1. Using θ = phi - 60° and the Karplus curve 6.51 cos²θ - 1.76 cosθ + 1.60, what whole-Hz ³J(HN,Hα) does each residue of region 277-291 get, with Gly and Pro shown as x?
2. I'd like to know which of ASN269, ILE433, ALA30 lies farthest towards the positive end of the charge dipole of the chain, counting +1 on Cβ of Lys and Arg and -1 on Cβ of Asp and Glu.
3. What is the spin-label model distance, in nm, from SER193 to GLN422 if the labels are put 7 Å beyond Cα along the C-beta direction?
4. Just for the Cα atoms in the chain, what are the lengths along the principal axes, largest first, rounded to whole Å?
5. Starting from the Cα-Cα distance between ALA22 and GLN235, subtract it from 0.36 nm times their residue separation and give me the gain in nm to one decimal.
6. So what is the relative contact order of region 233-363, in percent, for Cα pairs below 8 Å that sit 6 or more residues apart?
7. Roughly how many whole Å is it from the C-alpha centroid of region 24-93 to that of region 394-450?
8. Could you work out the relative contact order of the chain? I mean the mean sequence separation of Cα pairs under 8 Å and 6+ apart, divided by the number of residues, in percent.
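The numbers here are math on the coordinates, done by the rules we state, and not lab data. Quantities reported herein were computed from a predicted structural model and do not represent experimental measurements. Cβ atoms come from the backbone with ideal geometry, glycine included; neighbour counts cover every protein chain shown.
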Amino acid sequence: MLKKVLIANRGEIAVRIVRACAEMGIRSVAIYTEPDRYGLHVKRADESYSLGDDPLAGYLDPARIVNLAVETGCDAIHPGYGFLSENANFARLCEQKGVAFIGPKSSVIHGMGDKTQARDSMRAAGIPITPGSEGNLDSLEEALKLANDIGYPVMLKATSGGGGRGIRRCDTPQELKVQYPRVISEATKAFGSAEVFMEKCIVNPRHIEVQILADSQGNAIHLFERDCSIQRRNQKLIEIAPSPQLTPEQRQYIGDLAVRAAKAVGYENAGTVEFLLSGNEVHFMEMNTRVQVEHTITEAITGVDIVREQLRIASGLPLSYRQEDIQYRGYALQFRINAEDPKNDFLPSFGRITHYYAPGGPGVRVDTAIYTGYEIPPYYDSMCLKLVVWALTWDEVIARGKRALDDMRLHGIKTTANYYQQILEHPDFRKGIFNTSFVPDHPELLNYSTKRHPSEIALALAATIAAHAGW
Ligand code: ADP
Ligand code: ADP
Ligand code: MG
């Protein structure tokens, strides 16, 4: 079993990994850059090391991180999500230096991180993929011709894209002409690669993804699906497990498909295969070769600790479960509480948290790195808390979500919490019927009252007085 793990990440996911290490008797090492000096992951890890003043450079420096792991006697690195988690060079460097990378082999990360290469592998494995280009687009002329062949609307996508960026829908040749250079420029800026490809736009699809686990002995299983259709700008807001909109037959079909996909590429460790569903049609979209933000809801319905399994797999141990051992029970929802103002086009709202009171009670889990007095730095992701609720039935999980969102007090910044209350009230959501257009189709849900709770006004006043009095 691994003895000491360096966590190449920050925020809630770094804390999540520290927790798994602590429960398994594994020492944890945190890294941080100066704006994160007071971060919870630094306080909670067994050891921590500063990687300099720049807010980001330290977290994105493969050589420095791998060397630190070697110097501090770590036998593995957990990359979390974002940052270097899907960087094949980072994984390769770990392999070269004899530090276990907690994820698949670097060649698999490379193959899946390139979305056109991933489409090729899946096509070869007989997995249904979204219709679209074979390889990358070389010119606007090629894009126009292909769009004509597959039919509008089409999606232009960055080949190395992630986090919902570098994706544009085009409904006409005119739009395609405008968007083509834009996607190339966005891809170059965000991902350092100008490569783009095209997919048929699946209109009003559901985003259904399957959690898989695979060990170094060739065993692979799935932990059922998550429905991540509630999105804004191709980014997930509320995630649900299992999907309330799948038949048992569809569930089994898509689960088996994901396991086949993982086996086809020699996958190892935890991963997610993402699909778009339209009616009865299933299209492979991409594979994320890392732990996902929303792994929590799968943990809630199956009882499997996914990060623990990741650490066991990286130790060379076989999976703790066979497919037939995996059962699910009830429903779980995850709310990504973002430091954003939904009423202002989800603009980030960074700043000091003047008061935080965690929700609790039956079936409630909170994964976060914030605390009262914490200042959310403006350099990183705006997601500041994950609220996960579980209950036996769909109606109960909605009621529990409402109650837990009500329980929470998070003052000093604007968040998406009140907006989620509106979504939970919507009749279609309550019936369990929605697709990826739900958020843009319901702008009226943004018209909620922002009347502040009296306790919040009192606290804000106290904070202002304290600041002026120099307390
Ligand atoms: P998940 O698929 O786990 O739901 P997200 O798409 O929300 O993950 O991404 C999680 C984090 O990782 C976000 O901070 C996002 O910006 C970042 N991220 C994901 N993919 C990439 C990528 N290819 N390049 C850079 N950042 C990425
Ligand atoms: P990322 O790597 O940024 O997560 P994905 O390829 O997973 O990118 O796509 C993110 C989201 O964009 C999907 O969940 C879906 O809502 C939308 N999307 C992507 N491709 C298509 C498509 N071909 N048709 C319709 N929607 C799509
Ligand atoms: Mg995706």
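1. 10, 9, x, 9, 7, 10, 10, 5, 10, 6, 10, 9, 9, 6, 6
2. ALA30
3. For SER193 paired with GLN422, the spin-label model returns 3.7 nm.
4. Extents along the principal axes: 68, 55, 46 Å.
5. Difference between extended and current length: 73.5 nm.
6. Reported as a whole number, the value is 26 percent.
7. Using only Cα atoms, the two centres lie 35 Å from each other.
8. Relative contact order comes out at 13 percent.
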